[in-house]
């Protein structure tokens, strides 16, 4: 039997803070945060920190590729990074029982569409109230494996609008290339700050503990940018799209 549990960390913190008086000061709120962390096991805290580190590594590597492409050929050229190099970036950062991907309900590539469970989790991040969580995690048990999963929202940044904004904010030539490369594209008409999707990090337990330690202690060397794509790949509008 599968066992599923979503642990809403920052929603719980908000409820803890709400239970106090309006005059509760920052020290008391910090005490609530410490109490919540104490309720987590050391292994959960390790996996939470490792998940944040993995997302930071992935984001840095993909942004490096995108900025390089934009410097060489503008936003139209950067679209090819998501078509060709993003899978290599994800693969380079998926090792030791850990993996990372991005999902969304407004996809560019249908392969990145959220499933039913992910859609419910993504909806919780869309809450604009004070109870919206900063991240969520769960444990999944099945087929004699125990898997840790971590979810973190992705917000639209101003630079993203060149390829994900409205028709008036898309960079010249972007819309035409998007229609050719992504005929089912739903990933435009965003505004800065909008919820774009979320990261999904998965890690095996306990097989992923060693990799978690390496991530937390920054003992994994950065992959060179050229490794983010297969050796013979080139940026082409006919490539398999992998953007959200």
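A short reminder: the numbers here are calculations on the coordinates, not readings from a lab. Predicted, not measured: the structure shown is a model, and the values here were computed from it. Positions of Cβ are backbone-derived with ideal geometry, glycine not excepted, and every protein chain shown enters the neighbour counts.
Below is a table of values for the structure above.
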{"item": "Proxy reagent accessibility, fewest Cβ within 10 Å first, across 175, 182", "result": "175, 182"}
{"item": "Contour minus Cα-Cα distance for residue 145 and residue 116 (0.36 nm per residue)", "result": "8.3 nm"}
{"item": "Ranked 103, 81, criterion: other C-beta atoms within 10 Å, fewest first", "result": "103, 81"}
{"item": "In nm, spacing of pseudo-spin labels at residue 72 and residue 210 (7 Å Cα→C-beta vector)", "result": "3.6 nm"}
{"item": "Rough spin-label spacing in nm, given labels placed 7 Å along Cα→Cβ, for residue 56 and residue 189", "result": "3.7 nm"}
{"item": "Förster radius 22 Å - calculated FRET efficiency between residue 63 and residue 127 (Cβ-Cβ, nearest 0.05)", "result": "0.25"}
{"item": "Listed peptides 112-122, 148-158 by packing density, highest first (mean Cβ within 10 Å)", "result": "148-158, 112-122"}
